[in-house]
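Participant: Below you'll find the structure I mean.
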């Protein structure tokens, strides 16, 4: 199987690319198969101080089978550890703490794994510290970057759309050269990025292989946990539907 991200040929039964580690998913007729370069779920706490103590959390994480990035050392009396970065790994899953920014997150190879691991992290926090993370969350966020092998030349697809837009013809005249579209940037109507609820989806040809791959970047942020988890579970289908619309021209 050919990796949709780096192009490496992998054994037929491989689940992850031997070169870049991207998850390899079998392709089904009529559907587009995403190859994730990055997929993370996180939550931002809304509190004055980070709501739990890092050393206790890392010890609990270690008991759950995570390999800690750095060893746990003793802290001076009255001092709190300030952690920022990846703190533990379990296979291809990584846990990230950014205590100055009040963020707890997980990265995983696919949407289903990301939801499961984030749910497990929140359960761990509740068991160790006695509170529901969702009650203190300012927002939850999904961040995804992926490539999809195209069924039609992405550049040609965007040229077909551009030919229908008077703005593109006027822009060509203003610039003195023929121009086209190189993708689309979708955001909620009437909203701005500094709100808790935000969605940002970019679809364009994948520059290293623009004639046969799409690149998709997704940010989906909501104050409600269930909305982000539901969107994440549906992510593969959402992206496949959007790319299908692009290729319809």
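Participant: Report the full-extension gain for the segment residue 119 to residue 178: residue separation times 0.36 nm, less the Cα-Cα distance, to one decimal in nm.
Facilitator: Difference between extended and current length: 16.2 nm.
Participant: Determine, for 37, 89, the number of other Cβ atoms within 10 Å of each Cβ, and report the residues in order from fewest to most.
Facilitator: Ranking 37, 89 by Cβ neighbours within 10 Å, fewest first, gives 89, 37.
Participant: Distance in nm between label sites at residue 167 and residue 48, each 7 Å beyond Cα in the beta-carbon direction?
Facilitator: Roughly 4.7 nm, to one decimal.
Participant: If you rank 218, 125, 93 by fewest surrounding Cβ atoms within 10 Å, what's the result?
Facilitator: Ascending Cβ contact count within 10 Å gives the list 93, 125, 218.
Participant: A follow-up question, please. Relative contact order of segment 158-212: what whole-number percent is it, with Cα pairs under 8 angstrom and at least 6 residues apart?
Facilitator: Value for segment 158-212: 27 percent.
Participant: Here is a follow-up. How many times 2.2 N^0.38 Å is the alpha carbon radius of gyration of the chain?
Facilitator: Normalised Cα radius of gyration, the chain: 1.18.
Participant: Between residue 101 and residue 156, what is the FRET efficiency for a Förster distance of 35 Å, r being their Cβ-Cβ separation, to the nearest 0.05?
Facilitator: Efficiency, rounded to the nearest 0.05: 0.25.
Participant: Determine the shape class of segment 145-240: with a ≥ b ≥ c the square roots of the Cα gyration tensor eigenvalues, call it rounded for a/c under 1.5, and otherwise prolate if a/b is greater than b/c, oblate otherwise.
Facilitator: Judged from the Cα gyration tensor, segment 145-240 comes out oblate (a/c at least 1.5, b/c at or above a/b).
Participant: Order by neighbour count: 3, 199, fewest other Cβ atoms within 10 Å first, most last.
Facilitator: 199, 3
Participant: Something else now. What is segment 32-176 by shape, rounded, prolate or oblate, if you read a ≥ b ≥ c off the alpha carbon gyration tensor as root eigenvalues and call it rounded for a/c under 1.5, prolate for a/b larger than b/c, and oblate otherwise?
Facilitator: Here segment 32-176 falls in the prolate category.
Participant: A follow-up question, please. How far is helix 166-175 tilted off the main Cα axis of the chain, in degrees rounded to 10, range 0 to 90?
Facilitator: 90
Participant: Also: Between residue 64 and residue 212, what FRET efficiency comes out of the Förster formula 1/(1 + (r/R0)^6) with R0 = 41 Å and r the beta carbon distance, rounded to 0.05?
Facilitator: 0.50
None of the figures in this text is laboratory data; all of them are computed from the coordinates on show. What you see is a predicted model; the values in this text were computed from it and never measured. Cβ sites come from the backbone with ideal geometry, for glycine too, and all protein chains shown count toward neighbours.
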